[in-house]
Amino acid sequence: AQGLFIERLRIHARMAGGRAWTEAGVYFEYLADTDFLVPDVAHWAPGKDQGTRLRSLPPTLAVEIRSPHQSRRSLFDKCRLMRANGVDVCWLVDPETQEAYVFEGAKDGERLPAGSALTSSFLPGFELTLADLWAELD
């Protein structure tokens, strides 16, 4: 799943601008317990400060992909924490249950219907259908 997201986001970035990385250690200035969180995939839209190679700033988009050892609740908490500290949108994907959740604007972990797509007003023109995502993982 991580490979598909980074591939699609980098294609989008070549056309629309921005940058995408996997496993970027993102610095969050106001976190009490830790200064860094590591989203599975991060994308910075054009004009959003990425920071430096050693200290990335909060991205436009953070993608979390649930592994079997991770609880959904802990990833919901991580998405909420990132959103509260500068990430514009977070997508949580659960390959095991084939569910995707959106954290953007008033959506706070809203489950996407099966036939929909991951899109965001922060990434105009980007779309990844859930059907394409699940097909890639089968």
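The values are calculated or read from the model by the stated rules, or taken from the named source; none is laboratory data. Being a predicted model, the structure only gives us computed values, none of them experimental. Methodologically, a virtual Cβ is constructed for each residue, glycine included, from the backbone with ideal geometry; neighbour enumeration extends over all protein chains shown. These accessible areas exclude ligands, DNA and RNA; they are computed on the full protein's heavy atoms, side chains included. Shrake-Rupley method; radii C 1.70, N 1.55, O 1.52, S 1.80 Å.
Within the span defined as the range 103-120, every residue fails to be part of a helix (DSSP H, G or I) and of a type in the set (A, V, I, L, M). Note on the range 49-93: residues that are in contact (Cβ under 8 Å) with a residue 40 or more places away in the chain and either part of a strand (DSSP E or B) or surrounded by fewer than 21 Cβ atoms within 10 Å (Cβ to Cβ) (or both) amount to 9. A search for C-beta distances below 7 Å between a residue of the range 114-135 that is open to solvent by 20 Å² or more (accessible area, probe 1.4 Å) and any residue that is charged (D, E, K, R) and not in a strand (DSSP E or B), counting only pairs 6+ apart in sequence or on different chains, returns A117/E127; T119/E127; F122/D88. Within the range 25-40, the set of residues being of a type in the set (A, V, I, L, M, F, W, C), under 12 Å from V87 (Cβ atoms) and at pLDDT 75 or above comprises L37 only. Quick one: which residue in E96, E104 is at pLDDT 95 or above, open to solvent by 20 Å² or more (accessible area, probe 1.4 Å) and among the acidic types (D, E)? So the residue among E96, E104 that is at pLDDT 95 or above, open to solvent by 20 Å² or more (accessible area, probe 1.4 Å) and among the acidic types (D, E) is E104.
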